[in-house]
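> I have a structure I would like to understand better, so I am pasting it below and will then ask my questions one at a time.
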Amino acid sequence: MSNSISYEKRPDLHSVQMNNGLTSVFISVIAIAASILAKNDLQRKIAVWFASHDQGSFGLGLVGFDVSELPWNQDNFDEQKHFILQVIDSTKGQMGWEILDYEPHKEWIFTSLENFRILIEAFEIQDRCNQISEIWGYVSEPKMFILCPKHNVYEHDGGCVLCND
Ligand SMILES: [Zn+2]
């Protein structure tokens with residue numbers, strides 16, 4: 001089983017395909033960097049959104065997404081895109097990886113991050129999803145933000161993605 005990250009409106013761009021194990025690592029390391037870098041609630045919301053793609057809570061092979069389903073906000077789009085690109089780049093720089101109790105397979109994770117970066121870089125605001133139930137399909141939209149005391153990652157409704165792994 002596997003998960004994919006797509007940009008449906010741009011079929012010319014390749015989806016990111018990851019097996020379940022790689023997906024868990026991908027979501028964990030992105031959630032770590034996003035939680036460290038988030039400076040405001042809009043950015044914390046993005047950190048929770050990534051963390052909510054939690055196979056430990058919601059099932060293996062069920063957490064793929066389309067980049068249109070990120071919690072994009074028309075007025076803050078440029079800032080959000082910049083933030084996510086910064087998160088991806090910092091993840092490639094192994095930001096916060098010392099919290100992991102395993103060693104990620106760097107070549108696989110870097111390839112996934114590079115392909116994900118292409119989708120985010122290309123994303124245009126008019127393609128965003130307007131269905132709140134699709135954007136927040138796994139957990140409710142966060143109203144407050146709780147950091148896991150063990151991992152310093154923002155928790156979703158079902159807890160911490162690293163604790164659940
Ligand atoms: Zn945790």
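> Take the alpha carbon gyration tensor of segment 2-164, find the square roots of its eigenvalues, order them as a ≥ b ≥ c, and report rounded if a/c is under 1.5; if not, report prolate when a/b exceeds b/c, else oblate. Spell out each step's value before the answer.
Numbers: a/c = 1.34, a/b = 1.12, b/c = 1.19.
Rounded is the answer for segment 2-164, as its axis ratio a/c remains below 1.5.
> Taking Cα centroids, how far is segment 49-103 from segment 106-143 in Å?
For segment 49-103 versus segment 106-143, the Cα centre distance is 7 Å.
> Here is a further query. Compute all pairwise cysteine Cβ distances in the chain, then list the cysteines with no distance under 4.7 Å to another cysteine.
Among the cysteines of the chain, those whose Cβ sits 4.7 Å or more from every other are CYS129.
> How charged is the neighbourhood of ASN164? Take every other residue with its Cβ under 13 Å from the Cβ of ASN164, and add Lys/Arg as +1 and Asp/Glu as -1. Mind showing how you got there, number by number?
Numbers: positive: LYS150; negative: ASP54, GLU155, ASP157, ASP165.
After counting each charged neighbour, the total is -3.
> Continuing with the same structure: Rank-order 123-134, 47-58, 144-155 by packing density, defined as the average count of other C-beta atoms within 10 Å over each peptide's residues, highest first.
On the way: 123-134: 13.1, 47-58: 24.1, 144-155: 16.6.
Result, highest mean first: 47-58, 144-155, 123-134.
> Leaving ligands, DNA and RNA out of it, report the carbon-plus-sulfur percent of the accessible area of the chain at a 1.4 Å probe. Before the final figure, lay out the partial values.
Numbers: 3900 of 8070 Å².
Its accessible area is 48 percent carbon and sulfur atoms.
> I want the antiparallel fraction of DSSP beta bridges within the chain, as a percent rounded to 5. The partial results should precede the final answer.
Numbers: 6 of 8 bridges.
Once the DSSP bridges in the chain are tallied, antiparallel ones form about 75 percent.
The values are calculated or read from the model by the stated rules, or taken from the named source; none is laboratory data. The model shown is predicted, which means the values in this text are computed figures rather than measured ones. A quick note on method: Cβ atoms are made from the backbone with ideal geometry, for glycine too, and the neighbour counts reach across all protein chains shown. Side chains included, ligands, DNA and RNA excluded: accessible areas come from the protein's heavy atoms. Shrake-Rupley method; radii C 1.70, N 1.55, O 1.52, S 1.80 Å.
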